Amino acid sequence: MVDLGHSTTPEQTDVGSYFVANYPPFSLWTPESVGTDAKSALAQRPADVPLGLYLHIPFCRKRCHFCYFRVYTDKNASEVADYLDVVGREWELYATQPAIAGRPLRFIYFGGGTPSFLSVRQLKSLVDRLSALTPWTDAEEITFECEPGTLTEPKLSQIRDMGITRLSLGVEHFDDQVLELNGRAHRSAEIFRAYEFAQSLDFPQVNLDLIAGMLGDTDEKWHAAVARTIELSPDSVTIYQMELPYNTTISSDLLKGTGQFTESVANWSTKRRWVREAFDALEAAGYTVSSAYTAVKNPETTRFVYRDQLWQGADLVPLGVSSFGHVNGVHMQNQDSWGPYAAAVRRGELPLSRAFRPTDEERLIRELVLQLKRGSVRPGYFSDKYGVDLLDRFGPALGSLRADGYLMASDADQIALTRDGLLRVDSLLPRFFLPEHTNLRYT
């Protein structure tokens with residue numbers, strides 16, 4: 001959904017990508033660019049930027065009906081062990097690349113899927129193997145995503161011993177009926193048990209994820225979920241508005257008209273209102289809204305290094321099936337299915353499937369639109385890095401935001417969105433895209 005003008009009517013949640021994760025659109029990435037751009041970028045000396053590592057663990061107990069990631073729910077212990085071995089080999093291949101070799105890791109992100117699906121033994125073996133090549137002791141941030149129902153006290157203890165600095169619990173909602181309707185594997189009792197375990201282990205940061213607009217949600221249920229979140233008092237809260245990319249179960253049902261689901265996803269007006277109400281309640285409880293999706297208890301100590309470094313052009317090594325990365329100015333993605341991914345690594349090849357090298361102008365726009373998700377940007381940063389005056393270069397886009405009531409400030413010190421603008425930021429960002437990119441399929 002692209003918002004090119006102010007609207008007061010409720011907007012239906014249609015099938016398609018809403019969340020802007022990168023720029024230019026992924027649909028421009030090509031297999032040919034792997035050879036012409038990605039491999040040459042990896043063969044060059046590194047740029048003077050931080051290096052991070054993203055590790056995709058694609059296993060889940062169940063596939064959520066709104067999930068659009070590469071996940072598997074049918075793999076046995078032997079297949080999981082095989083996958084982890086391939087991931088270890090992949091990291092060993094990257095460690096020989098001139099752009100990566102010898103560089104310290106500033107941030108690490110275990111995503112999924114469900115990283116906490118792994119057993120204690122699997123986790124320890126994987127971390128020992130990966131960190132033997134590049135020690136993690138100096139990393140500023142190590143994030144680990146969890147599904148509450150997969151957590152036991154011994155497993156959380158192992159995760160804590162891995163040096164995890166942020167534990168992110170995929171709560172999504174506290175209402176058991178909403179969780180069931182949306183295909184979540186856990187229930188509310190498991191949330192509270194896992195959270196109590198995590199608190200007892202004194203993780204530096206515990207984050208709770210919520211999703212506004214899930215199947216079966218109502219005003220009453222959403223307000224209760226926000227109240228429960230505030231009662232638990234996590235260090236940070238992440239709230240996403242439900243979207244329906246093409247490869248979700250809900251999207252397939254809508255497109256084919258099979259009638260699998262009788263409940264519907266809330267419209268965008270309702271989702272924005274629910275996030276606004278959640279932010280208002282969190283602010284009243286002492287939290288600070290730090291982006292379109294996050295509220296933090298203490299902005300001085302609670303940071304999102306992974307997010308902020310990537311939004312400023314950091315390098316990121318992609319480990320695992322379908323993972324995305326960025327090295328020396330080139331975006332790249334791994335093979336998106338198990339067989340081709342594993343086969344490439346076993347041949348001693350990096351398992352890349354497509355890549356894209358943006359122009360300097362596209363890099364500028366990428367940083368601008370991603371950093372605007374925090375609510376404001378400093379024009380001076382872009383002037384120093386790119387030699388561009390944002391107020392001049394993007395005058396028409398900024399003028400349209402101002403006319404629609406989404407711009408709070410636009411001067412030499414900052415460009416800042418209003419709360420209304422922040423709540424719909426992903427629909428506003430295409431206003432900054434190059435004309436040839438505004439009507440492309442995003443993925």
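For region 207-235, taking the residues that are touching a residue at least 24 places away in the same chain (Cβ under 8 Å) and in a loop (DSSP other than H, G, I, E, B), the one that is surrounded by the fewest Cβ atoms within 10 Å (Cβ to Cβ) is identified as 233. Pick from region 397-426 the residues that are within 22 Å of the chain's Cα centre (by Cα) and buried (at least 18 other Cβ atoms within 10 Å of the Cβ): which of them is nearest to residue 12 (Cα to Cα)? The qualifying residue nearest to residue 12 (Cα to Cα) is 424.
Across region 29-45, a minimum of one residue is classified as at pLDDT 95 or above and in contact with a His (Cβ under 7 Å, 6 or more places away or on another chain). Is it the case that some residue within region 391-398 is of a type in the set (Phe, Trp, Tyr) and assigned to a helix (DSSP H, G or I)? Among the residues of region 391-398, not one is of a type in the set (Phe, Trp, Tyr) and assigned to a helix (DSSP H, G or I), which makes the answer no. Among the residues of region 121-132, not a single one is within 21 Å of residue 89 (Cα to Cα), modelled with pLDDT under 95 and not in a helix (DSSP H, G or I). The set of residues in region 253-292 being among the hydroxyl-bearing types (Ser, Thr, Tyr) and within 22 Å of residue 21 (Cβ to Cβ) consists of 290, 291. If you filter region 87-120 down to residues that are without any contact (Cβ under 8 Å) to a residue 60 or more places away in the chain and in a helix (DSSP H, G or I), you find that the one that is surrounded by the most Cβ atoms within 10 Å (Cβ to Cβ) is 116.
Only one of the listed residues (176, 217, 209, 161) is within 17 Å of residue 114 (Cβ to Cβ) and of a type in the set (Asp, Glu). That residue is 209.
Can you find a residue that is assigned to a loop (DSSP other than H, G, I, E, B) and buried (at least 16 other Cβ atoms within 10 Å of the Cβ) anywhere in region 294-302? Yes, some residue in region 294-302 is assigned to a loop (DSSP other than H, G, I, E, B) and buried (at least 16 other Cβ atoms within 10 Å of the Cβ).
The values are calculated or read from the model by the stated rules, or taken from the named source; none is laboratory data. Just so we're clear, the structure is a prediction, and the values are computed from it rather than from any experiment. Backbone-built Cβ (ideal geometry, glycine too); neighbour counts: all protein chains shown.
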